[in-house]
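A quick write-up on the structure given underneath.
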Amino acid sequence: MPNVVMNHGAGGEMMQEFLNKHIVRHFPSMDAEVPLDSMDDSAVVDDIVFTIDGHTVNPLIFPGGDIGRLSVAGTVNDISVMGASPLGLACSVIMEEGLDISIVDTVMDSMGRTCRECGVPVVTGDTKVMESGALDKMVMTTSAIGRRSPLLDGNLRTAAEYRQVSNRWCTDDSIRPGDAIITSGYIGDHGVAILSFREGYGFESEIKSDVAPLNKMIAAGLNAGGIVAMKDPTRGGLANTLNEWVSKSGIGMEIDQESIPLRDGVVNACDLLGIDPLSIGNEGKAILACVPEMADQVVKALRSTPEGRHAAVIGYATEAPARVILRTEIGGRRILDAPSGDPVPRIC
Ligand code: MG
């Protein structure tokens, strides 16, 4: 048997294959509205929305954030993109003996402030210490429960004014040909900020992580109405998110490359390092699909919030082929494949 490699946790096709072959098949199939094997952002069991995230980011404190803020934001966002309101978080911290306690204080202070920012408390937790050398300083696991957002039914009713809507949640399989695809803002900041800081490339003076809780921005979008699917483009980035949607919804997609918001610093760093900004992780962005008639209003609502200031329509779902097609600036078309894994390891 071969060994586990970094790409088995890197959010791309290799991880998907690994999960299918070695993890998910061992668990009994369950009678849940959104079960484990749908591999969506959260599960839905008896109308309770439930998710969990492990965090192994290196370094623990990085430009724009730290493992504490990342843990809260990542978990709150996974609940929110289902169309749910997060109620409370559980947090497990495992530390290595010898870790500077001032780092613990910094991370916990930041975590507490992020909880206040999004209005979601940590309600239960656990702390363990392992001997030196057993792990890399600190890992953190956060879980959350949420309930159906009071805005979700109205949002779906608006979508249903324009086309048939069969799903009760904003799941990955809910997109239909014609739906507009929206990003809530700039793509690639988190991965570039971490890679640059860690490797000493110097771009981090210009590019900070986008890590942020998005529950309030998403509530504004739901309030506008017409959203059918949402996802946070974390590991594997925008390319992975769009390809997951295409395969789970059984659609095609045409994305206009020029309309994807990318900072110059991200483009320059990615050019220099030979990586694709569309394949690296984001921690403060949502990708949304909505009925085309409501796209302008959803973008406007997102833009009215601090996290969604640069929201933009980037393309549309199509009938076929079942691929993501990127229309390039010079009028060309190329297939945007799912990455085999995020090119930047340990960003979350
Ligand atoms: Mg997610």
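The values are calculated or read from the model by the stated rules, or taken from the named source; none is laboratory data. Treat the numbers as computed from the prediction; the structure is a model and nothing was measured. Positions of Cβ are backbone-derived with ideal geometry, glycine not excepted, and every protein chain shown enters the neighbour counts. Only protein heavy atoms, including side chains, enter the accessible area calculation; ligands, DNA and RNA are left aside. Shrake-Rupley method; radii C 1.70, N 1.55, O 1.52, S 1.80 Å.
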Going through the stretch 126-166 one residue at a time, which ones are over 27 Å from Ala317 (Cα atoms), among the basic types (Lys, Arg) and at pLDDT 95 or above? Lys128, Arg147
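If a residue must be of a type outside the set (Val, Ile, Thr), part of a helix (DSSP H, G or I) and open to solvent by less than 30 Å² (accessible area, probe 1.4 Å), how many such residues does the stretch 78-118 contain? Reasoning before the result, please.
Narrowing the stretch 78-118 to residues of a type outside the set (Val, Ile, Thr): 78, 80, 82-92, 95-100, 102, 105, 108-113, 115-118.
Going one step further and asking which of them are part of a helix (DSSP H, G or I), we end up with 78, 80, 102, 105, 108-113, 115-118.
Filter once more, so that each one left must be open to solvent by less than 30 Å² (accessible area, probe 1.4 Å): 78, 80, 110-112, 115, 118.
Going through the stretch 78-118 one residue at a time, the tally reaches 7.
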Among residues of the stretch 14-65 being assigned to a strand (DSSP E or B) and aromatic (Phe, Trp, Tyr), the residue surrounded by the fewest Cβ atoms within 10 Å (Cβ to Cβ) is Phe50
If you check Val246 against the conditions, is it under 22 Å from Arg333 (Cα atoms) and free of Cβ contacts under 8 Å to residues at least 24 places away in the same chain? no
Exclusive hit being touching a Gly at 6+ places or on another chain (Cβ under 8 Å), within 16 Å of the ligand (Cβ to nearest atom) and among the hydrophobic types (A, V, I, L, M, F, W, C), set Val49, Val57, Val34, Val44: Val49
Does Val192 satisfy being more than 30 Å from Leu87 (Cβ to Cβ) and crowded, with 24+ Cβ neighbours inside 10 Å? yes
Pairs, first among the hydroxyl-bearing types (Ser, Thr, Tyr) in the stretch 313-331, second open to solvent by 70 Å² or more (accessible area, probe 1.4 Å), C-beta under 9 Å, six or more apart: Thr328/Glu258; Thr328/Arg334
Between a first residue in the stretch 219-237 that is away from the ligand (no atom under 16 Å from the Cβ) and a second residue that is of a type in the set (D, E, K, R), which pairs have beta carbons less than 8 Å apart while being 6 or more apart in sequence or on different chains? Ala224/Lys300; Gly225/Arg157; Gly226/Glu293; Val228/Arg176; Val228/Asp179
Determine whether Val123 is surrounded by fewer than 16 Cβ atoms within 10 Å (Cβ to Cβ) and at pLDDT 95 or above. yes
Test of understanding: among Asp264, Asp276, which residue is away from the ligand (no atom under 16 Å from the Cβ), free of Cβ contacts under 8 Å to residues at least 60 places away in the same chain, acidic (Asp, Glu) and out of contact with any Lys or Arg (no Cβ under 8 Å at 6 or more places or on another chain)? Asp264
Please name all residue pairs, on different chains or six or more residues apart, with Cβ atoms under 7 Å, provided the first residue is in the stretch 112-132 and is more than 16 Å from Ala212 (Cα to Cα) and touching a residue at least 60 places away in the same chain (Cβ under 8 Å) and the second residue is of a type outside the set (Asp, Glu) and part of a helix (DSSP H, G or I). none
Here the qualifying pairs (Cβ atoms under 7 Å; residues six or more apart or on different chains; first in the stretch 21-45 and of a type in the set (D, E, K, R); second loosely packed, with under 12 Cβ neighbours inside 10 Å) come out as Asp37/Ser29
